[in-house]
Amino acid sequence: MHFIALREETFCHWNRLAWSRLRPYLIVMTSAPQKNRPDMAFFDNSYARLPPQFFAAQVPTQVAEPWLIKLNEPLAEELGLDVDSLRRDGAAIFSGNLVPEGAEPLSMAYAGHQFGHFVPLLGDGRAILLGEVIDRNGNRRDIQLKGAGQTSFSRRGDGRAALGPVLREYIVSEAMYALGIPATRALAAVLTGEGVRREEVLPGAVFTRVAASHIRVGTFQYLAATGDEEGTKALADYVIERHYPELRTAENPYLALYEAVCDRQAALIARWLQVGFIHGVMNTDNMTISGETIDFGPCAFVDTYDPMTVFSSIDQHGRYAYANQPGIGQWNLARLGEALLPLLDADRDKAIEHANAIIKDYGQRFHAYWLQGMRDKIGLASAEDGDLELIQSLLALMQAESADFTLTFRRLSYLAGNDTAETAFASTFREPASTAEWLARWRDRLARDPRVPTERAVAMKQVNPAFIPRNHRVEQAIEAAVEDGDFSLFEALLTVLSKPYEEQPGFAAYMEPPKPEERVLQTFCGT
Ligand code: AMP
Ligand code: MG
């Protein structure tokens with residue numbers, strides 16, 4: 001990909017250019033007096049009250065010239081924040097220059113299996129949790145700055161983030177939300193006015209994300225690895241209170257917790273597959289306990305359907321390929337089971353037996369979620385034994401005929417309501433005539449399904465998006481922002497992706513797969 005080909009001197013040039021254009025809008029509050037700190041919300045920082053080994057208090061490092069690229073106003077409203085004051089002070093707050101009243105900034109400790117290798121202490125090396133707020137729906141949400149400077153977990157890292165990955169996470173996490181898939185949200189993006197040194201010097205940015213919580217499989221692994229059974233129990237109790245309160249009264253709440261986390265992850269990963277999403281770095285530190293998608297690094301969406309698709313430059317062996325994701329999910333959850341063992345049963349053999357039964361069940365859970373979702377995608381409201389085979393043969397045909405994943409299902413939705421849409425559907429396949437046999441079988445099956453065609457088409461359009469964050473569009477938006485300080489493509493993408501299931505005639509071009517010369521073959525990590 002053409003991701004930010006800036007040399008240091010070009011960056012400085014870009015910097016001068018962009019800054020001279022932006023300067024009138026800058027809100028520089030680097031030396032804001034602490035007593036004037038705005039009351040951002042009613043922080044209630046429950047994580048900061050957990051045992052001290054769970055985190056390290058950490059004040060963000062000031063940046064030179066913060067400039068607010070984007071504030072997600074609807075989300076700010078939902079969180080109960082004062083949008084007017086954020087328009088005014090957002091650059092300072094979301095860069096870390098101004099710590100709002102009530103925040104207790106901290107970095108969380110966690111471990112993780114990275115590409116299968118265990119690292120006993122990772123932690124937030126560049127993320128700082130400002131605190132928690134209770135949103136308008138009564139849900140507790142974390143507000144975290146990513147790229148806010150070094151922390152005690154930074155190791156050799158600079159604690160910073162580059163603009164490109166910040167925009168990617170902004171776009172893709174909001175797109176996932178609009179698609180109806182659990183994901184962390186984007187609250188703001190800020191330019192720091194400083195360069196970050198990667199292979200070249202890139203414009204620095206800070207991303208503000210909102211999560212149900214940032215507790216990961218790796219958070220449990222961290223406590224388990226230090227032999228801290230009391231801490232593991234405290235974390236499990238906290239997680240039950242925060243994310244699974246209905247399990248408080250279960251016969252064995254910890255076993256029920258393990259089962260519930262497996263269930264949410266099975267449901268989540270099935271949803272990923274159904275929109276062609278590839279996370280890219282499914283390390284155990286990038287898997288939440290809440291069931292939200294987190295850490296959008298080199299993530300990308302499949303265009304032409306191939307189950308072994310990999311985009312991430314660091315995933316050289318395809319560990320996190322599209323079709324490997326359910327299996328990797330299970331592998332990660334097995335590591336969670338190991339960390340929870342002391343809580344599952346006082347008798348270790350029995351604990352292992354229980355955990356094994358649950359992890360084995362994950363396979364069936366995943367399959368059931370996936371099959372149901374795929375039935376929805378091809379428009380079936382009823383279930384028959386042959387459905388799995390019907391779905392698999394469509395996928396096999398798509399693969400053999402290099403069909404675009406998203407267009408195939410969207411056009412199948414049109415075809416469900418209107419027979420004249422067959423040419424458009426078939427043209428998605430390299431050899432259009434190859435679809436005839438499958439379509440005949442599909443129509444036979446539909447004849448035994450209770451729904452009428454118009455209703456079916458409507459239902460299918462609600463699960464088969466017209467718009468996904470296609471990689472070439474994401475790259476174009478990043479490139480324009482990084483090279484020219486032009487955020488118009490970023491804004492346009494956010495607009496179109498906010499309604500992925502609706503026809504948006506003005507944005508028809510955003511439905512199209514990349515032309516051969518636009519194809520993105522590799523995406524790079526956020527670091
Ligand atoms: P990630 O690949 O973003 O999930 O990060 C894996 C680990 O590396 C986490 O512990 C991060 O906090 C840490 N990390 C990533 N980038 C940086 C950075 N620029 N500075 C310090 N730590 C980092
Ligand atoms: Mg991570």
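The values are calculated or read from the model by the stated rules, or taken from the named source; none is laboratory data. Just so it is clear, the model here is predicted, and its values are computed rather than measured. Note that each Cβ is placed from the backbone with ideal geometry, even for glycine, and that neighbours are counted across all protein chains shown. Heavy atoms of the whole protein, side chains included, go into the accessibility calculation; ligands, DNA and RNA do not. Shrake-Rupley method; radii C 1.70, N 1.55, O 1.52, S 1.80 Å.
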Against the condition closer than 24 Å to SER312 by Cα and either outside the structural domain of ALA175 (by TED's automatic domain parsing) or assigned to a helix (DSSP H, G or I) (or both), how does ALA480 come out, does it pass?
yes
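Given ASP361, ASP376, ASP385, ASP349, which one is under 30 Å from TYR305 (Cα atoms) and free of Cβ contacts under 8 Å to residues at least 40 places away in the same chain?
On the way: ASP361 fails: free of Cβ contacts under 8 Å to residues at least 40 places away in the same chain; ASP376 fails: free of Cβ contacts under 8 Å to residues at least 40 places away in the same chain; ASP349 fails: under 30 Å from TYR305 (Cα atoms).
Testing whether each residue is under 30 Å from TYR305 (Cα atoms) and free of Cβ contacts under 8 Å to residues at least 40 places away in the same chain leaves just ASP385.
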Taking the stretch 288-306 and keeping only residues that are within 15 Å of ligand 1 (Cβ to nearest atom) and either open to solvent by 10 Å² or more (accessible area, probe 1.4 Å) or not aliphatic (A, V, I, L, M) (or both), one is left with THR288, GLU292, THR293, ASP295, PHE296, GLY297, PRO298, CYS299
Identify, by number, the condition in (1) more than 9 Å from ligand 1 (Cβ to nearest atom); (2) over 18 Å from the mean Cα position of the chain (by Cα) that ILE181 doesn't meet.
(2)
I'd like to check something: does the stretch 265-279 contain any residue that is over 13 Å from the mean Cα position of the chain (by Cα) and either modelled with pLDDT under 95 or open to solvent by 20 Å² or more (accessible area, probe 1.4 Å) (or both)?
yes
Test TYR177 against the stated conditions and say whether it is under 21 Å from ILE69 (Cα atoms), among the hydroxyl-bearing types (Ser, Thr, Tyr), out of contact with any helix residue (DSSP H, G or I) (no Cβ under 6 Å at 6 or more places or on another chain) and open to solvent by less than 10 Å² (accessible area, probe 1.4 Å).
no
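Taking LEU255 as the residue in question, decide whether it is within 30 Å of ARG168 (Cα to Cα), touching a residue at least 40 places away in the same chain (Cβ under 8 Å) and in a helix (DSSP H, G or I).
On the way: within 30 Å of ARG168 (Cα to Cα): no; touching a residue at least 40 places away in the same chain (Cβ under 8 Å): yes; in a helix (DSSP H, G or I): yes.
No.
Regarding VAL83, is this residue β-branched (Val, Ile, Thr), on the phi < 0 side of the Ramachandran plot and crowded, with 17+ Cβ neighbours inside 10 Å?
Numbers: β-branched (Val, Ile, Thr): yes; on the phi < 0 side of the Ramachandran plot: yes; crowded, with 17+ Cβ neighbours inside 10 Å: no.
Here the answer is no, as VAL83 does not meet what is asked.
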Condition first: outside any strand (DSSP E or B), farther than 16 Å from GLY131 by Cα and either touching a helix residue (DSSP H, G or I) at 6+ places or on another chain (Cβ under 6 Å) or not charged (D, E, K, R) (or both). Can you find one or more residues in the stretch 205-213 that meet it?
no
